[in-house]
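What follows draws every value from the coordinates through simple rules; no lab data is involved. Everything quoted here is computed from the prediction, not taken from an experiment. We place every Cβ from the backbone using ideal geometry, glycine too, and count neighbours over all the protein chains shown.
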Amino acid sequence: MENQTYTEKDLVIFGEYLLSKEREKRIDGKITAKRRVYHADLENWKIKKDGSA
């Protein structure tokens, strides 16, 4: 596992992703899933951030 450093701006954008409709659709709107942050959330966000999505 590779360590990465994120800026404050990156973390704010990730937080916005966690609250987004896009993420809600990915987790099928399940209430319990919305209350947790998963490794997949970070990986999906990194793909989006890098422009690969």
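Work through the residues other than residue 48 whose Cβ is under 15 Å from its Cβ and net out their charges, Lys, Arg +1 and Asp, Glu -1.
Summing Lys and Arg as +1 and Asp and Glu as -1 gives 0.
In the neighborhood of residue 15, defined by Cβ-to-Cβ distances under 15 Å, what is the net charge if each Lys or Arg adds +1 and each Asp or Glu adds -1? Don't jump to the answer; show the numbers that get you there.
Working: positive: 9, 21, 23, 34, 35, 36, 46, 48, 49; negative: 8, 10, 16, 22, 24, 41.
Local net charge: +3.
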